[in-house]
Amino acid sequence: MDADNGLAPQPIVVLRPVMPTDSKVFLDYTQAELDQAYDQLVWAPHRDAIQAEIRKDCEAVRQKMPPRTERYGRSEKQELDIFAPPGATKAPVLVYLHGGAWLRGSRLDTIYPAPALTGRGAALVVPEFNNVSEVSLPQMVEQCREAVDWTVRNAKSFGGDPERVYLAGHSSGAHLAGCVLLGDPPVKGALLISGMYDLHAPLLSARSKYVKLTPEEEDAASAMRHLGRIRCPVAVAWSVGDSPEFRRQGQVFAAALQGMGRLASRTEVFSPNHFEEPRQLADPDSALGRVLFSLMGI
């Protein structure tokens, strides 16, 4: 009994605030909205049909133009396909990194630009690399760096010009390409298509379930935070059919590059969705084709 009032002591109750389900986790996004903003399947539910069509187109290219295949690293997956114009001696070279949310994709789905590039006297190099379920994201970046370095060292062996090597990537491939640029690779320019250039928001989304990074690794893999280390001109593109976060990332990155004097061009591509967009590289007269060929000077 309480000596002062004769009442038994009452338990202390701590009231915790109830978080509403629509609370904002990034900018004006709720968690569900942010998850959707980094999931292109929400915006293009027929993705698998599109990618099956792309694979069919790529198989036709491979049959018509059998590539030279080389190993560029120690992992079994570290192979690359080379498509070079016949008789080339100093052809400009494009290294093209495939996308797939760091989980999917293959070099076999990324060779559709080969006829257009070789038709303009340029070579295409398409590397394979491990995905994030097999190695860490920093290791993926390192494999892509090795692919670029191998290409520069060996360009003359397939008629390429080691002084005119360019880099491109789509989606997570554009993210990887942006990270490669931070190492000051010997490339003349880069085309980054619908990529992610700061990983803060993606790692707040559902992608964090399969991409695990330390704060230091997140920082190192965010090109937006290290603009001063990018030495070459960069063309940035995104699609009107991209999810909102991929459009925002492209717009913000392009504006930042412009402020640093590194922006070659910015292009909003009229494409129905994220997955149809890079197929424009197969057409030299498309908006994206013109951006690439202008960057490469061909």
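Please treat every number below as a calculation from the coordinates, not as lab data. Nothing here was measured: the structure is a model prediction, and the numbers come from that model. Reconstructed Cβ throughout: ideal geometry from the backbone, glycine too, with neighbour counts over all protein chains shown.
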Added length on full extension, which subtracts the Cα-Cα distance from 0.36 nm per residue, residue 89 to residue 65: 6.8 nm
Can you order the peptides 47-54, 267-274 by their average number of other Cβ atoms within 10 Å per residue, highest first? 267-274, 47-54
With the charge dipole of the chain built from beta-carbon charges (+1 for Lys and Arg, -1 for Asp and Glu) about the Cα centre, the Cα from 196, 86, 234 projecting farthest to the positive end belongs to 86
Inter-centroid distance (Cα atoms) of the range 248-268 relative to the range 69-107, Å: 26
Springs between alpha-carbon atoms under 10 Å, Gaussian network over the chain: tell me which of 106, 265, 23 tops the mean-square fluctuations. 23
Here the FRET efficiency for residue 53 versus residue 156, based on Cβ atoms and R0 = 22 Å and rounded to 0.05, is 0.05
Pulled fully out, how much extra length does the chain show between residue 229 and residue 206, if you take 0.36 nm times their separation in residues and subtract their Cα-Cα distance? 5.3 nm
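Count neighbours as other Cβ atoms within 10 Å of each site's Cβ, and list the GluC sites (Glu not before Pro) in the range 111-186 that are DSSP loop with at most 16 such neighbours.
134
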Over the chain, what is the percentage of antiparallel beta bridges among all DSSP beta bridges, to the nearest 5? 30
Dipole moment magnitude, nearest 20 debye, the range 195-284 about Cα centre, only Lys, Arg, Asp, Glu C-beta charged: 180
Using just the helices of the chain, give the 222 nm mean residue ellipticity in deg cm²/dmol: DSSP H runs with n ≥ 4 each add -39,500 (n - 2.57), and the total is spread over all residues, rounded to 500. -9500 deg cm²/dmol
